[in-house]
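What follows is calculated from the coordinates using simple rules that are stated; it is not laboratory data. Quick caveat: nothing in here was measured; it's all calculated off a predicted structure. Note that each Cβ is placed from the backbone with ideal geometry, even for glycine, and that neighbours are counted across all protein chains shown.
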Amino acid sequence: MMITRSTKCLICLCATVFLLQGCSSSPVNIAPRPPARYEVLGRAEGSACGSLFSCFLPIMLNSRVERAYDRALESVPGSTGLINVKLDEAWFWWYLGTTKITTISGDAIKEVE
């Protein structure tokens, strides 16, 4: 069976779209507007990491900010949001890729009625 040039181009295009699909993510709001009345519960901090394998394959890379924010909220029981948010990133190279570590810290709050 002979593969035509247009079929090869279509396969190449589909493979490129498939690979680039993993490189997309949606925006994450790490500093939403606090409610009108709230109580500060204490200091919160959470971290998450993700890797870029062989310079093109993301492994839990795009969700690390959202996971770090969720872990910061979980670090203070009863918290529903953060104020005075600080985001820090560190990264390191390893033989076949890189790893990025995101840390989010802030004052944990909960809404007061």
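Taking amide H as placed 1.01 Å from N in the peptide plane, Leu61 has its amide H under 5 Å from the amide H of Ser51, each at least 5 places away in sequence or on another chain. Once the chain from Ser54 to Phe92 is taken as fully extended at 0.36 nm per residue, the excess over their C-alpha distance is 12.3 nm. Projecting the Cα positions of Leu57, Leu87, Met2 onto the charge dipole of the chain (unit charges on Cβ atoms of Lys, Arg, Asp and Glu, taken about the Cα centre) puts Met2 furthest along the positive direction. Compared with the dominant principal axis of the Cα atoms in the chain, helix 64-74 is inclined by about 30°. Rounded to the nearest 20 debye, the dipole size of the chain about its Cα centre is 540 debye, using +1 on the Cβ of Lys and Arg and -1 on the Cβ of Asp and Glu.
Here each label is just a point 7 Å from Cα along the line to Cβ, and for Ala36 and Asn84 those points are 2.5 nm apart. Across bins of 10 angstrom width beginning at 0, how are the C-alpha pair distances of the chain distributed, in whole percent? So the P(r) values, bin by bin, are 14, 31, 23, 16, 9, 5, 2, 0.
Over every Cα atom in region 35-74, the radius of gyration and the widest Cα-Cα span, Dmax, amount to 14.7, 48 Å. Near the amide H of Tyr38, within less than 5 Å, lie the amide hydrogens of Val112, all on another chain or at least 5 residues away, with H placed in the peptide plane. Counting neighbouring beta carbons within 10 Å and listing from fewest to most, the residues Cys55, Cys49 come out as Cys55, Cys49. Estimated at 0.36 nm per residue, the fully extended path between Asp70 and Glu111 surpasses their Cα-Cα distance by 13.1 nm.
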